[in-house]
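Here the structure comes first, spelled out in structure tokens, and everything after it is commentary.
Read the figures in this text as sums done on the coordinates, not as results from a lab. On a predicted model such as this, the values are computed, not experimentally measured, just so you know. Note that each Cβ is placed from the backbone with ideal geometry, even for glycine, and that neighbours are counted across all protein chains shown.
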Amino acid sequence: MADSSFDVVTGAFGYIGRYIARCLLDAGRSAKTLTRNPCRPNPFGERVAALPYRFDRPDELTASLRGADTLYNTYWVRFEHAGARFDRAIANTITLLRAAEAAGVRRLVHISVTNPSLASPLPYYRGKAVLEEFIARTRLSHAILRPAVVFGPEDILVNNIAWLLRKLPVFVIPGRGDYRLQPVFVEDLARLAVDAGRRGDNVVLDTVGPETFTFDELVRLLAKAVGSRARIIHAPPAVPLLIARFLGPLVGDVLLTRDELAGLMTNLLVSQPNGASRTHPTHSQHAPTCPTAFSAWLATHAGRLGRAYASELARHYRHGQRGH
């Protein structure tokens, strides 16, 4: 008898969710997506049915998940904007997870972030930690993946650094630039997520690529790859924040927030294998290395990188969609 089960991916019209959905389809799985705006253009056509989140109607949300084998959850917000708040994102995710339990979903694969902490002063990382602790108390078999900086063709962060290097005569690095990042390729992350969906054990994995860069190294690598003539200088963090605040209205976007810069400068975008929480003793002590090296990917994609600005607000807020 053919397998009639399906998987559900939140935000399959977005970035990470789109790659997970594609990976599932390539593996012969049936997939649906939950999205804030089901009328948004569907890159998968009829192969992926689009359903609304219905956070305000838990019974309908549960019904949309009934029969699903695995839920791949990418839902979150990058920063607070236009009614999208971290506390609401936490509440919505908890509603989704309770609906998955009630619907009898077998497995949850949840996309978190490196170094979440309940004690973090940054609401992004604190909120991720709250959700990880909630997941640990559910009945759901689960895998929690903790990516650092995710890069790929539709990436925003790396693309916009390249865009600034192409457009501005000066690029300002906050502070000494010696804080580190471990970029992970979006296709590697998607494959790891789908592999985790097939497992049955509860596991928390840092999900990073094989290379570690200081921010200064990353910027200079990008500058060389795109042929930038910008002068790269170092300045106190207030300076790049001021530049970002000035450029924001010109591009109609939020380039950088104070919290994002704080997370970067305190080394939260790198795996800390000894940082396993008491809640998750299964946290990987040796982060699984996704195989694609950022430097190798950059060598073949630099010609297109940073040619156009990638807007967070246009991607997630101007289609009536808040969050992924």
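When you restrict to C-alpha pairs under 8 Å that are six or more residues apart and normalise by the size of the range 32-129, the relative contact order lands at 26 percent. For Asp206, nonlocal amide neighbours, meaning residues 5 or more places apart or on other chains whose placed amide H falls under 5 Å from its own, are Arg146, Ser284. Close amide H pairs (under 5 Å, H built 1.01 Å from N) link Lys32 with Asp7, Val8, Val9, residues at least 5 positions away or on another chain. Approximating the spin labels as points 7 Å out from Cα along Cα→Cβ, the Ala235-to-Arg137 distance works out to 4.6 nm. Relative to the longest principal axis of the Cα atoms of the chain, helix 123-137 runs at roughly 20 degrees. For the range 6-316, a crude dipole built from +1 on the beta carbon of Lys and Arg and -1 on the beta carbon of Asp and Glu, taken about the Cα centre, is about 380 debye to the nearest 20.
Which residue, Val184, Ala308, Cys290, has the largest displacement toward the positive end of the dipole of the chain when charges sit on each Cβ (Lys, Arg +1; Asp, Glu -1)? Value: Ala308. Less than 5 angstrom separates the built amide H of Ser117 from those of Arg126, Ala129, all sequence-distant by 5 or more or on a different chain. What separates the Cα centres of the range 117-152 and the range 200-253 is a distance of 22 Å. Note on the chain: with a GNM built from Cα contacts shorter than 10 Å, the maximum mean-square fluctuation among Thr212, Thr70, Thr300 falls on Thr300. Rounded to the nearest 10 degrees, the inclination of helix 238-251 to the longest alpha-carbon principal axis of the chain is 70 degrees.
Can you give the angle from 0 to 90° between the axis of helix 186-198 and the longest principal axis of the chain, with both taken from C-alpha atoms, to the nearest 10? Rounded to the nearest ten degrees, it is 20.
Per residue of the chain, what 222 nm ellipticity follows from adding -39500 (n - 2.57) for every DSSP H run with n ≥ 4, rounded to the nearest 500?
Numbers: 11 runs with 123 residues, N = 324.
Counting only the DSSP helices, I get -11500 deg cm²/dmol.
Across the chain, the mean sequence separation of Cα contacts (distance under 8 Å, 6 or more residues apart), normalised by length, yields a relative contact order of 20 percent. Only aspartates and glutamates eight or more places from Lys167 in sequence, or on another chain, were considered; those with a Cα closer than 20 Å are Glu154, Asp155, Asp216, Glu217, Asp253, Glu312. Placing unit charges on each Cβ (+1 for Lys and Arg, -1 for Asp and Glu) gives the chain a dipole about its Cα centre, and among Val203, Asn160, Ile144 the Cα reaching farthest toward its positive end belongs to Asn160.
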